[in-house]
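Quick notes on the structure that follows.
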2 protein chains.
Amino acid sequence: MPKINADRLLSTLRQFAEFGRYKTGVHRPTYGEDDMASRHWLIQQYKMLGLDAHIDGVGNVFGYPRTSRRSLLIGSHAESQNHAGWLDGAMGVIYGLEVARTFAETNDCQDLPIAPVAWADEESHFIALLGSRSYVGDLDDAELDAAINAYTGQPLREALRKAGLSGTPRTFADPTRHVGYVEAHIEQGDYLESIGKRIGVVTSIVAIWQYRVVISGIQNHAGTTRMAIRRDAGLAAARLAVLIDDRFPEICGERSVWTTGRMTLEPGAPSIIPGRAEVLFQIRDEDEAVLQRMHDRLEQLVEETRMASGCEISLERIAKGQPGRMDAAFQSAIERAAQQHCPGGHVKMPSGASHDAQLVARKMRAGMLFVPSIGGISHHWTENTEDDDLVLGCQVLADAAEDILRNDL
Amino acid sequence: MPKINADRLLSTLRQFAEFGRYKTGVHRPTYGEDDMASRHWLIQQYKMLGLDAHIDGVGNVFGYPRTSRRSLLIGSHAESQNHAGWLDGAMGVIYGLEVARTFAETNDCQDLPIAPVAWADEESHFIALLGSRSYVGDLDDAELDAAINAYTGQPLREALRKAGLSGTPRTFADPTRHVGYVEAHIEQGDYLESIGKRIGVVTSIVAIWQYRVVISGIQNHAGTTRMAIRRDAGLAAARLAVLIDDRFPEICGERSVWTTGRMTLEPGAPSIIPGRAEVLFQIRDEDEAVLQRMHDRLEQLVEETRMASGCEISLERIAKGQPGRMDAAFQSAIERAAQQHCPGGHVKMPSGASHDAQLVARKMRAGMLFVPSIGGISHHWTENTEDDDLVLGCQVLADAAEDILRNDL
């Protein structure tokens, strides 16, 4: 039985948070100095465990066990959002390191190979899920050539060059090398906290379908244009957002979410009736049938809004993701381990946020577990998780890893 | 009976449109070279009629008759919106000139004094209705010192200096000098066109009450935050705009208008639930009792939205204008003249747009007439009015002016 070292885990997590420390969180954008220092530090730690460690051409760090036996890949992403939390991504990376350390020092686990991994740029400084997309072969050179930093405009190629990664080959998924991939992550929501559970066994990672809605009305004088003849694009946008919120509950799934994140009225002057409005809208669910129902209803509500407003409306789906299904046997292994360490304190749940596991799941079996986020806060430097939950999550992960590797689930 | 010279009117209108010509419209921002050239040209024309012409410290141009008898002030504003129409303001200015010319050459009208006027910056390049606000004493030096150009940021004082107006005194309304003020303007809406009328007799100029609504919700992750616990400031803003549009008809007046011109969601990212929204909203009506009913209803709907959304909402009235009542005798004079020249082709109506007449009406009796805008278009270089309507409007104005002055209405 692998018994993790709780003190070592917590001190390593805090040590890792020194890379780009910001208040009680971190500021560690992808390929920046702090990010690259943290990746080279990981390579050192992997090597000290006797692993064959390397960084690939997009910054992913791997620690391969020196064995012909298939290993279990464990990790998450190492960089952070700007001025954000210390655990988002980093926790899963350090869990991978701690499980590898524990297995290396546990007699009956030394033959169970753990391959820790740290993905790059899950957090979209350049490309969302860059590292895991590259790993599964979903990212071509043209996209890498075109990418720029969303905040600074720096070209990705320049950032990679400055990070010393130009000419370094990318590493692609080799399913014969690994049994599968397990990722631990903070929940980033308040679901676990709200129902008093400590471990979330992830069933799937929701797909995101994203839309751009462009509404064309007639721009006119807000004083001289009678209400009866107006074609107010801004009001039509507001009507659509409200209609969606009123009518989606009729067809959505239990944990579907939808968000109107942006709504722009043009010209945006107090005395001019908006002639044009642009809306960014997204839906998320783990079930593609539910997503399709929401999509169909959206088309219907756009049509209703068009008829009611007299405005032209174009609806464009700009992203259509696929849900990432977590492996059933991996889910069971995580659940058994959770039941042992906190009986009744775990729950199956989908992930509403994207994670590297949804990409890796395209190439091999994958599993995920969540620990609670205090107050549901993430992407902010106040993000945190109770120490006891941090320790519990890693122990559950270690036990599940043993189960998976020993019983070849 | 004054008979205007239709050919001279139309050619003078076209000549005036050469100052800052842009496509079929004009680009003549306040105090720019073209605007100042047009004002100095007006002074020349006024002088050629024997008038005592001067430009005041904010660019208003007056042509005072050399008589002790009280004159009728006739005009509008000379500058244009950026890249806008050739008639908005300019038409009323040239009508004033044409009526003065006609009276000067009409034997039985030579003793009826017409004082043409051209106001400055009604179009808000620096301060909305700047010239007429200055004239009625509603603009202090501190406001002039602080004003900057809305498009270029140039300080008003610098613009006045470059225009050669520094040190020139401002002219203030002297009610003993004038019988009153009459302004002709394009309608800027489609009401006249829609009911097949050619002259609008303005009953009053609506007041504008303007609001800033700030909605504070909770910014959160659009994937991990369940619908049930969201406090979506953007959705609350949309709900408020729709509620207003659904419920204002219960209490508004026949020609009330309301407009949500701007709606800003923050941070405006597709995967983040908006934590803050800001809305600019305005109402217009000619009746302060109706405005008060709309104001009360707005407060009620803000409260309903607050309760339904769980968001905090602050409602701030940032402008509370007063309606400008047009003089009843002046209305009758315009109506009689219109009935003579186009029987049944005129209608009484409020003005939904602001005009210099609403300011001048605070100091003396005032009247206004509208001619149709083709397609209701204004503030755009395609703005236009049929030549026949341009001629008719000026003739009606001339006859009404004679009526007012001869009968001392």
Plugging the Cβ-Cβ distance of residue A:307 and residue B:229 into 1/(1 + (r/R0)^6) at R0 = 35 Å yields, to the nearest 0.05, a FRET efficiency of 0.55
FRET efficiency (residue B:339, residue B:166; Cβ distance; R0 60 Å; to 0.05) is 0.80
So which residue of B has the beta-carbon closest to the axis that swings B onto A, and how many whole Å away?
B:238, 2
Answer with one residue from A:401, B:376, A:267: the one whose Cα lies farthest towards the positive end of the charge dipole of the protein assembly as shown, charges on Cβ with Lys, Arg +1 and Asp, Glu -1.
A:267
Residue B:125 long-range amide H proximity, modeled H, under 5 Å
B:30
Once amide H atoms are built 1.01 Å from N in the peptide plane, which residues 5 or more positions from residue A:178, or in another chain, come under 5 Å H to H?
A:71
From largest to smallest, what semi-axes in whole angstrom does the protein assembly as shown give when each is the square root of 5 times an eigenvalue of its alpha carbon gyration tensor?
72, 26, 21
If a paramagnetic tag sat 7 Å from the Cα of residue B:152 along the Cα-Cβ line, which residues of segment B:163-207 would have the backbone N under 20 Å from that point?
B:163-168
Convex hull volume of chain A per residue (C-alpha atoms, cubic angstrom):
146 Å³
Hz values of 3J(HN,Hα) by residue in segment B:114-125 - Karplus curve (6.51, -1.76, 1.60), Gly and Pro given as x
9, 10, x, 9, 10, 6, 10, 6, 4, 7, 6, 4
Going 7 Å from Cα along the Cα-Cβ axis for the label, what nanometre distances separate residue A:325 from the same residue across the other copies?
7.7
So what's the back-of-envelope 222 nm ellipticity for chain B, counting only DSSP H runs of four-plus at -39500 (n - 2.57) apiece and dividing by all residues, rounded to 500?
-11000 deg cm²/dmol
Between residue B:269 and residue B:332, what's the calculated FRET efficiency when r is the beta-carbon distance and R0 is 56 Å? Round to 0.05.
0.40
How long are the three semi-axes of the equivalent ellipsoid for segment A:209-320, computed from the Cα gyration tensor as the root of 5 times each eigenvalue, in whole Å, largest first?
29, 13, 11
Amide hydrogen neighbours beyond the local backbone of residue B:198, cut-off 5 Å, H modeled:
B:346
Karplus couplings for segment B:67-82 from phi (6.51 cos²θ - 1.76 cosθ + 1.60, θ = phi - 60°), rounded to Hz, Gly and Pro as x?
7, 8, 6, 5, 9, 9, 7, 9, x, 6, 9, 8, 7, 10, 5, 4
Output, in nm with one decimal and in ascending order, the distances from the residue B:387 label point to the matching label points of the other copies (7 Å from Cα along Cα-to-Cβ).
9.1
Tell me the label-point distance for the pair residue A:176, residue A:105, using the 7 Å Cα-to-Cβ offset, in nm and rounded to one decimal.
3.6 nm
Which length gain, in nm to one decimal place, applies between residue B:194 and residue B:250 when the Cα-Cα distance is subtracted from 0.36 nm times their residue separation?
17.7 nm
Rh (Kirkwood, all Cα-Cα pairs) for segment B:1-159, Å, reads 16.0 Å
Would you mind calculating the gained length between residue A:5 and residue A:316 on full extension (0.36 nm times residue separation, minus the Cα-Cα distance), in nm to one decimal?
106.9 nm
Between copies, how close do the residue A:227 label points come, placed 7 Å along Cα→Cβ, listed in nm from shortest?
3.0
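A short reminder: the numbers here are calculations on the coordinates, not readings from a lab. Note that the structure is a prediction, hence the values are computed from the model and not measured. Every residue, glycine among them, receives a Cβ derived from its backbone with ideal geometry; neighbour counts consider all protein chains shown.
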